[in-house]
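Participant: Below: one structure in structure tokens.
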Amino acid sequence: MSAVGSGWLVVFDCDGVLVDSERLNIQTWTAMMIDAGVDFTEDDAVQTFVGKAYADNRVTMAEMTGAVPDPEWERRWRAEFARSHERLEPIEGAREAVVAVQDVGHAVCVASGSIRRAIGSKLTTAGLVDLFPEEARFSAEQVEHGKPAPDVFLAAAESMGFVPDRCVVVEDSKAGVEAARAAGMRVVGYLSDITPDNWLEDSDAIIADMADLPSVIARLTHT
């Protein structure tokens, strides 16, 4: 399969890259684990859950608590995730960065560990849904393995009509960077104030401000 036109595909993670949801997720995961009887901190939540698919995190949670979550208990906490996301804001500069990338001829999509329904909800709440139509949203629930496996990135590239070496992924997590590398894609690490420094060290470039993304994408797609 060949790339569409002369542009590249820029694949955005959702949580922590487009929408400022990671800190809310961390708070909820921490409370969830404490409620399950585990001595757990927000730093533990970052290392254990951030950047991974909910289904995989559910398995991890069961292993750490020694029990499969009670369905009613899990429904209550999934509702808490949903309530926390009612306050979502976009990552500063994300809209402008996505538009700038599109304006120079690149395609864009989202590939996330969130369930598909949640991706649309988060993008809507953060005011970014118009940038990513339904056919440009990809979830780990659509593939066999979540990040750090490359499945969701490879599925996104195939569906959008691009080969992996014409894709650049924008990620904020260690699992996401590993998944992009495993997919054979270039990767830009987005360093937020909750991202451990060593998570992004295997990226082709690291940014701490979305305003820098268009120029970094330009450099990576011209080498």
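The values are calculated or read from the model by the stated rules, or taken from the named source; none is laboratory data. Keep in mind the model is a prediction, meaning the values are calculated, not measured. Cβ placement follows ideal geometry from the backbone for every residue including glycine, while neighbour counts extend to all protein chains displayed. In case anyone asks, the SASA skips ligands and DNA or RNA and just uses the protein heavy atoms, side chains included. Shrake-Rupley method; radii C 1.70, N 1.55, O 1.52, S 1.80 Å.
Participant: In segment 53-69, which residue that is modelled with pLDDT under 80 and not hydrophobic (A, V, I, L, M, F, W, C) is least open to solvent (accessible area, probe 1.4 Å)?
Facilitator: Pro69
Participant: Shifting gears a bit: Output the residue which, of all residues in segment 87-118 that are farther than 20 Å from Ser192 by Cα and in a helix (DSSP H, G or I), is most open to solvent (accessible area, probe 1.4 Å). Please lay out each step first, then the result.
Facilitator: From segment 87-118, those farther than 20 Å from Ser192 by Cα are 99-109, 115-118; that's our starting set.
In the following step, the residues that additionally are in a helix (DSSP H, G or I) were identified as 99-103, 116-118.
On the way: Val99: 50, Ala100: 33, Val101: 2, Gln102: 68, Asp103: 121, Arg116: 64, Arg117: 180, Ala118: 26 Å².
Within segment 87-118, the match that is most open to solvent (accessible area, probe 1.4 Å) is Arg117.
Participant: Here is a follow-up. How many residues are polar (S, T, N, Q), part of a loop (DSSP other than H, G, I, E, B) and open to solvent by 70 Å² or more (accessible area, probe 1.4 Å) when one looks only at segment 31-52? So that I can check it myself, show each step before the final result.
Facilitator: Narrowing segment 31-52 to residues polar (S, T, N, Q): 41, 47-48.
Now drop any that are not part of a loop (DSSP other than H, G, I, E, B), which leaves 41.
Now restrict to residues that are open to solvent by 70 Å² or more (accessible area, probe 1.4 Å): none.
So the count comes out to 0.
Participant: Residue by residue through segment 147-173, note down the ones that are closer than 21 Å to Ala55 by Cβ, open to solvent by less than 10 Å² (accessible area, probe 1.4 Å) and small (Gly, Ala, Ser).
Facilitator: The answer is Ala156, Ser173.
Participant: Here's another thing I want to ask about it. Against the definition (under 22 Å from Pro148 (Cβ atoms), over 17 Å from the mean Cα position of the chain (by Cα), open to solvent by 40 Å² or more (accessible area, probe 1.4 Å) and without any contact (Cβ under 8 Å) to a residue 40 or more places away in the chain), how does Glu72 come out, yes or no? Break it down stepwise before answering.
Facilitator: Details: under 22 Å from Pro148 (Cβ atoms): no; over 17 Å from the mean Cα position of the chain (by Cα): yes; open to solvent by 40 Å² or more (accessible area, probe 1.4 Å): yes; without any contact (Cβ under 8 Å) to a residue 40 or more places away in the chain: yes.
No; evaluated as a whole, the condition is false for this residue.
Participant: Within segment 163-171, is there a residue that is closer than 18 Å to Asp20 by Cα and either charged (D, E, K, R) or at pLDDT below 95 (or both)?
Facilitator: Among the residues of segment 163-171, at least one is closer than 18 Å to Asp20 by Cα and either charged (D, E, K, R) or at pLDDT below 95 (or both), which makes the answer yes.
Participant: Moving on to the next point. Going by the conditions given, is Val187 open to solvent by less than 10 Å² (accessible area, probe 1.4 Å), at pLDDT 95 or above, part of a strand (DSSP E or B) and not charged (D, E, K, R)?
Facilitator: It is true that Val187 is open to solvent by less than 10 Å² (accessible area, probe 1.4 Å), at pLDDT 95 or above, part of a strand (DSSP E or B) and not charged (D, E, K, R).
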